[in-house]
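Asker: Okay, handing you the structure first.
The values are calculated or read from the model by the stated rules, or taken from the named source; none is laboratory data. Just so we're clear, the structure is a prediction, and the values are computed from it rather than from any experiment. Here the Cβ positions follow ideal geometry from the backbone for every residue, glycine too, while neighbour counts run over all protein chains shown. To get the accessible areas, we keep the full protein, side chains included, count just its heavy atoms, and leave off ligands, DNA and RNA. Shrake-Rupley method; radii C 1.70, N 1.55, O 1.52, S 1.80 Å.
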Amino acid sequence: MAENGPVNIVWFKRDLRIHDHRPLLNAAVCGRAILPLYIIEPEYWALKDTSERHYDFLVECLRSLDTDLKAFGGRLSVKVGDAVSIFHELHQSVGIANLYSHQETGNGWTYERDLAVANWCKSSNINWFEDRQDGVIRRLKSRNGWAKEWDRFMGETIVSTPSDIIWAKKVSSDPVPAPGDLKLKPDHCSDRQIGGRQQAEHTLNSFLHERGEPYRRTMSSPLRSRATCSRLSPYIAHGVLSMREVAQATWSRQYALKQAKIVKKNGWRGSMTAFSARLHWRCHFMQKLEDEPSIEFKNFHPAYNGLRDPANHNPKFEAWILGETGYPFLDACMRSLIATGWINFRMRAMLMATASYHLWLHWKRPGNHLAKLFTDYEPGIHWSQVQMQSGTTGINAIRIYNPLKQGYDQDPDGEFIRTWVPELASMPDAFIHEPWLAPDARNIIGKSYPDRIFDHQEAARYARDKVWAVRRGAGHKEKAKKIVVKHGSRKSGVKQTMGAGNKKRKPENKNQLSLFD
């Protein structure tokens with residue numbers, strides 16, 4: 001046993017901070033020594049939705065967390081291996097009095113891992129105390145009143161880090177593995193965001209006070225949104241900032257703007273209102289996965305089972321992965337994502353929709369690939385949106401993004417295309433979106449730039465007919481109603497659903513593009 005006797009372990013997972021960290025506070029008030037712990041789990045890093053860029057960002061966050069703990073006299077203990085085995089070893093060596101952590105809405109692997117830890121705690125007579133850290137409510141019985149509860153929870157007091165924590169002694173850390181030690185495929189992301197609390201606080205402050213004024217009107221532009229969107233998503237996904245901190249900082253900014261009598265709808269006040277709404281929507285989508293973990297693997301609506309073959313190894317998928325589809329704007333979006341780890345929501349939706357509709361791929365394969373590219377990968381948002389953009393929820397409008405139209409709308413001068421598709425840098429504006437129409441197309445298409453791998457109009461017609469054939473089927477409407485009751489937003493009511501033959505966009509879909517950017 002350590003000098004302090006059995007210790008309280010604070011298990012850091014997707015909450016890599018010490019500010020507004022209730023498990024840390026609750027563990028400290030007991031008077032026992034605290035062991036701050038993070039477990040690097042090799043089995044997790046072998047999954048199809050993890051990548052080296054995720055791991056690199058995580059390690060930066062862990063270093064930042066350790067620095068913050070040092071300021072209070074502590075150190076982060078990092079262990080490598082299976083969580084249950086590590087807890088068992090620590091219980092044998094130093095003794096565990098209690099385990100404290102935040103609840104986690106992760107992928108299916110972390111869900112099963114937490115069940116195993118819970119069983120171990122029960123068999124070892126160790127209490128595991130889990131606190132909420134966002135708007136997701138575990139074992140939610142009804143969505144009624146969910147939004148009000150979100151506001152109440154986010155309005156609670158932000159807790160400070162105790163200054164008199166007793167830290168556990170003589171607990172060593174394992175060396176932090178290199179990405180290669182975890183057999184992660186090399187994935188250098190040259191221009192991704194940097195992890196850590198200092199970077200997160202700077203990003204929040206710069207958005208609220210410097211960058212965010214044009215947010216509402218530029219969020220769909222892939223070129224401008226990189227600077228004007230909040231860019232907070234990777235920090236919230238890893239818990240470097242708490243949702244409560246972000247929500248309250250946003251509310252304070254809104255109050256200050258109101259007091260200053262700033263009334264321009266397309267300026268600061270409009271952008272802060274739009275951003276505040278997206279904070280709600282972030283948790284709204286995560287709640288779907290919490291309530292139904294199977295949506296990572298199964299269609300929301302069972303009528304779509306068999307619509308696409310999960311084993312379909314379409315050779316054109318590789319061209320989509322590399323940004324070599326022959327559609328300049330689509331390719332620019334994929335290449336930008338590869339290099340930066342981020343792209344705005346509309347473009348994410350287009351990337352997913354083209355894989356699902358134009359290539360007619362089951363959503364799981366492209367969904368896994370995009371998850372690996374997103375530095376801000378949040379399973380609850382990701383898998384809900386992947387299915388939404390693939391038309392398998394049964395309650396959302398069938399939205400088949402036209403890669404040409406999106407390019408003309410969001411990058412009319414081709415500046416974004418020229419940035420990420422240098423093969424077309426000298427292409428005249430008149431042909432930048434459709435280089436196959438250029439007078440010298442034969443010198444470019446199939447040589448320096450690939451030919452189109454699909455006909456977007458023909459592919460869209462095929463996909464639309466296939467999905468609508470399912471949607472008009474017997475029993476579809478009845479099941480869709482049940483899905484809305486369980487997962488739908490209550491803001492616009494629950495009685496309106498997508499019925500057979502009804503192509504109007506319904507309330508659940510009108511906020512389809514409200515993913516947290």
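Asker: Can you pick out the pairs among Lys316/Lys372; Lys405/Lys447; Lys316/Lys447 whose Cα atoms lie more than 22 Å from each other?
Answerer: Numbers: Lys316/Lys372 19 Å; Lys405/Lys447 25 Å; Lys316/Lys447 17 Å.
Pairs exceeding 22 Å: Lys405/Lys447.
Asker: Arrange the residues Thr325, Thr161 by how much accessible surface each exposes, largest first, with a 1.4 angstrom probe.
Answerer: Details: Thr325 0, Thr161 25 Å².
My answer, sorted largest first, is Thr161, Thr325.
Asker: Could you let me know the centre-to-centre spacing of segment 315-360 and segment 417-444, using Cα atoms, in angstrom?
Answerer: The distance from the Cα centre of segment 315-360 to that of segment 417-444 comes to 18 Å.
Asker: Loop-only trypsin sites (Lys or Arg not before Pro) in segment 301-371, please: DSSP not H, G, I, E or B, and at most 14 other Cβ atoms within 10 Å. Please report the intermediate quantities before stating the final value.
Answerer: Values: sites: Arg308, Lys316, Arg335, Arg346, Arg348, Lys364; in loops: Arg308, Lys316.
When the trypsin sites (Lys or Arg not before Pro) of segment 301-371 are filtered for loop state and at most 14 Cβ neighbours within 10 Å, nothing remains.
Asker: Could you list which residues have their amide H under 5 Å from that of Leu35, counting only those 5 or more apart in sequence or on another chain, with H placed in the peptide plane?
Answerer: Result for Leu35 returns Asn8, Ile9, Val10, Ala168.
Asker: For Thr393, what accessible surface area do you get with a 1.4 Å probe? Give it in Å², rounded to 10.
Answerer: 10 Å²
Asker: For Gln103, enumerate residues with amide H under 5 Å from its amide H, sequence gap 5+ or separate chain, H modeled in the peptide plane.
Answerer: Residues meeting the amide H criterion: Asp131, Arg132, Gln133.
Asker: Please give the net charge around Asp82, taking every other residue with its beta carbon less than 11 angstrom from that of Asp82, where Lys and Arg add +1 and Asp and Glu add -1. Present the calculation step by step, with values, prior to reporting the outcome.
Answerer: Details: positive: Lys79, Arg113; negative: Glu41, Glu43, Glu89.
Result for the neighbourhood of Asp82: -1.
Asker: Please state the relative contact order of the chain as a whole percent: Cα pairs under 8 Å, 6+ residues apart? All intermediate terms of the calculation are to be shown ahead of the outcome.
Answerer: Details: 838 pairs, mean separation 89.9, N = 517.
Taking the mean separation of contacting Cα pairs over the length of the chain, I get 17 percent.
Asker: Can you give the angle from 0 to 90° between the axis of helix 268-291 and the longest principal axis of the chain, with both taken from C-alpha atoms, to the nearest 10?
Answerer: 70 degrees
Asker: Return the loop-located GluC sites (Glu not before Pro) in segment 22-113 (DSSP other than H, G, I, E, B) with at most 14 other Cβ atoms within 10 Å of their own Cβ; answer none if there are none.
Answerer: Numbers: sites: Glu43, Glu52, Glu60, Glu89, Glu104, Glu112; in loops: Glu43, Glu104.
The qualifying sites are Glu43.
Asker: Kindly provide the helix-only [θ] at 222 nm of the chain, computed as the sum of -39,500 (n - 2.57) over DSSP H runs of four or more divided by all residues, to the nearest 500 deg cm²/dmol? Walk me through the numbers on the way to the answer.
Answerer: Working: 21 runs with 220 residues, N = 517.
After summing the helix terms and dividing by the residues of the chain, the value is -12500 deg cm²/dmol.
Asker: Could you name the aspartates and glutamates whose alpha carbon sits less than 17 Å from that of Lys479, not counting residues in the same chain fewer than 8 places away?
Answerer: Asp291, Glu292, Glu508
Asker: Can you give the local net charge around Asp451? Use residues other than it whose beta-carbon is closer than 14 angstrom to its beta-carbon, Lys and Arg +1, Asp and Glu -1. Walk me through the numbers on the way to the answer.
Answerer: Values: positive: Lys316, Arg442, Lys447, Arg452; negative: Glu324, Asp331, Glu423, Glu434, Asp455.
The answer is -1.
Asker: Could you calculate the FRET efficiency of Leu115 with Glu318 from 1/(1 + (r/R0)^6), where r is the beta carbon distance between them and R0 is 25 Å, rounded to 0.05?
Answerer: Numbers: r = 37 Å, r/R0 = 1.46.
E(calc), rounded to 0.05, equals 0.10.
Asker: Using heavy-atom solvent-accessible surface (probe 1.4 Å) with all chains present, what is the largest-first order of Lys447, Lys79, Lys477, Lys170?
Answerer: Details: Lys447 145, Lys79 30, Lys477 90, Lys170 170 Å².
The residues order as Lys170, Lys447, Lys477, Lys79, largest area first.
Asker: Could you pull the accessible area for His91 with a 1.4 Å probe, rounded to 10 Å²?
Answerer: Solvent-accessible area, nearest 10 Å²: 60 Å².
Asker: Sticking with this structure for a sec: Ranked by accessible surface with a 1.4 Å probe, highest first, in what order do His88, His313, His476 come? Intermediate values should be presented prior to the final figure.
Answerer: On the way: His88 85, His313 135, His476 5 Å².
My answer, sorted largest first, is His313, His88, His476.
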